[in-house]
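The values are calculated or read from the model by the stated rules, or taken from the named source; none is laboratory data. Given the structure is predicted, the values throughout are model-derived calculations rather than measurements. FYI the Cβ positions are ideal-geometry reconstructions off the backbone, even for glycines, and counts take in every protein chain you see. For the accessible areas, the whole protein counts, side chains as well, though only heavy atoms, and no ligand, DNA or RNA atoms are used. Shrake-Rupley method; radii C 1.70, N 1.55, O 1.52, S 1.80 Å.
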Amino acid sequence: MSRSPTLAFWGEKVAYVSNNAANQLLHIASSDGVNFGTETQVPGQTSQFGPTLAVLGSTMYLIFTANDASHTLFRVTTTNGTTWTSNVSLSGHASAFAPSATVMNGFIFVSYIANDGTKRVLVDRTSTGSTWTTFVANSKTSKFAPSAAGFNNGVRLSYISNNASNLLMRMSGSSDGSTYGTETVW
């Protein structure tokens, strides 16, 4: 049984990745978005939380948290859905919950909640998948995993407030993800 699925358009396909009860990462793709084959494991990769997908060029990036107490963020990539790279750390960064990725202006943006007790909303950015730059989203904090979207030439973040109100919040960032505006209730 799969849980915590994520989808992405990848060339002429819809890609699906999830983790199962054993935290193994599973993948599948469909050329019509209706008919899917059998899920197969991304070799040797497991995640404690749901993964996220991003497609940059012809490469699909699968980003996930380590299946251990470190919660280190990793990524693996594929260009064919069959052969996957070894996992590579996102500069040693760690997430308290599942990450969320979006692609815009030739960059992948990954939003996540700091795994250092502060629960800060953070955004990592890369154009290569190798070098990552981290931005703090106005020192805002969240109780749970955030969601990111690239829209209208800006990074959009949504998350649950880190207080008793549990309000659903949103914040807009610049096109390069380096600055963020005022937090607003949905």
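The calculated FRET efficiency for Ser178 paired with Thr128, based on their beta-carbon distance and R0 = 22 Å, is about 0.80. For Asn23 and Ser165, a Förster radius of 22 Å and the Cβ-Cβ distance give a FRET efficiency of 0.10, rounded to the nearest 0.05. Here's how it looks for Gly177: its modeled amide H is under 5 Å from those of Val155, which are all 5 or more places away or on a different chain.
Of the three principal axes defined by the Cα atoms of the range 62-159, the extents in descending order read 38, 37, 19 Å.
Please report the carbon-and-sulfur percent of the accessible area for the range 58-186; probe 1.4 Å, protein heavy atoms only, DNA, RNA and ligands left out.
Carbon with sulfur: 51 percent of the solvent-accessible area.
Using alpha carbons only, the radius of gyration of the range 110-186 set against its Kirkwood radius gives Rg/Rh = 0.96.
May I ask you to derive the relative contact order of the chain, considering only C-alpha pairs under 8 Å and at least 6 residues apart, and to give it as an integer percent? Don't skip to the end; give the middle numbers.
Working: 490 pairs, mean separation 21.8, N = 186.
Rounded, it is 12 percent for the chain.
Scanning residues 5 or more positions from Tyr61 or on other chains, those with amide H under 5 Å from its amide H are Ala54, Val55, Leu56, with H placed 1.01 Å from N in the peptide plane.
Computed over the chain with a Gaussian network model linking Cα atoms closer than 10 Å, the most mobile of Asn80, Asn115, Asn20 is Asn80.
Size of the range 1-90: Rg and Dmax of its alpha carbons, in Å, are 12.2, 39.
Normalised size of the chain, defined as Cα radius of gyration per 2.2 N^0.38 Å with N residues, equals 0.99. Summarising the amide proton neighbourhood of Ala94: residues at separation of 5 or more, or on other chains, whose placed amide H is nearer than 5 Å comprise Leu73, Asn115.
Rolling a 1.4 Å probe over the protein heavy atoms gives the range 59-186 an accessible area of 43 Å² per residue. How far is the Cα center of the range 55-84 from the Cα center of the range 8-27, in Å? Taking the Cα centre of the range 8-27 as reference, the centre of the range 55-84 is 10 Å away.
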